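What follows is a short report on a single structure.
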Amino acid sequence: MATTPKTGGARQSDWLVFEECGITRYSRENIVVVAGSGPLPTGTVLGKIAASGKYGVYDNAGTGGVETAAAILVEPIDATAGDVKAAAVVRLAKIAPGGLTWKSSLNAADKTAGLADLAANGIHTVREV
C-alpha cells in the first residue's frame, strides 16, 4: 500500500498537537492493522474494516470501511507480511494535518473528506506545521 513518506522520518510531533491523555490515554486505542498494509509511518490515516474490526490505510474510494477515516497511527509499523498490533489516536485530539501521511493516490478532496471523518470522532484540525 503506497503512502507518502516524509523526508528524514515522520515524528509524532509532526501531526499530534494535543491528545486527552492522563493515566488512561483516552484518545488512543490498541488496534490491529491488517496484513498487506505495508510499512506505515506515524501519522498514517487509517479506516476501520467493518467485517473484521481491523484497520487498513484510509482510501476515500475504497470499500468495506477503509473509505471512512477512523484513526491515526501513533508509531511506525510494518504490516507487510502479517497483522500488526498498534496504537492509534481514535478520538478527542487536535492535529496538524500537514504532518499526516495519506495514501499516495488521494487528492485534496479525498483528504478533506478524511479530515471531516476524523472530526466526527473529535479529532480536529488546529494548525499546519
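A compact table of results
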{"quantity": "Enumeration of residues in the stretch 45-86 that are small (Gly, Ala, Ser) and open to solvent by 30 Å² or more (accessible area, probe 1.4 Å)", "calculated": "50, 51, 52, 53, 61, 64, 81"}
{"quantity": "Unique match (being more than 24 Å from residue 52 (Cβ to Cβ) and crowded, with 19+ Cβ neighbours inside 10 Å) among 95, 123", "calculated": "95"}
{"quantity": "Members of the stretch 98-113 found to be open to solvent by less than 30 Å² (accessible area, probe 1.4 Å) and either in contact with a helix residue (DSSP H, G or I) (Cβ under 7 Å, 6 or more places away or on another chain) or assigned to a strand (DSSP E or B) (or both), listed by number", "calculated": "99, 101, 102"}
{"quantity": "Meets criteria (in contact (Cβ under 8 Å) with a residue 24 or more places away in the chain, open to solvent by 30 Å² or more (accessible area, probe 1.4 Å) and of a type in the set (A, V, I, L, M, F, W, C)) for residue 35", "calculated": "yes"}
{"quantity": "Some residue of the stretch 26-33 being under 13 Å from the mean Cα position of the chain (by Cα), more than 18 Å from residue 14 (Cα to Cα), acidic (Asp, Glu) and at pLDDT 95 or above", "calculated": "no"}
{"quantity": "Those residues of the stretch 48-81 which are among the small types (Gly, Ala, Ser) and either farther than 15 Å from residue 102 by Cα or assigned to a loop (DSSP other than H, G, I, E, B) (or both), in sequence order", "calculated": "50, 51, 52, 53, 61, 62, 64, 65, 79, 81"}
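The values are calculated or read from the model by the stated rules, or taken from the named source; none is laboratory data. Since we're looking at a predicted model, the values are computed, not measured. No Cβ is skipped: glycine too gets one built from the backbone with ideal geometry, and neighbour counts run over all protein chains shown. Note: areas computed on protein heavy atoms with side chains; ligands, DNA, RNA excluded. Shrake-Rupley method; radii C 1.70, N 1.55, O 1.52, S 1.80 Å.
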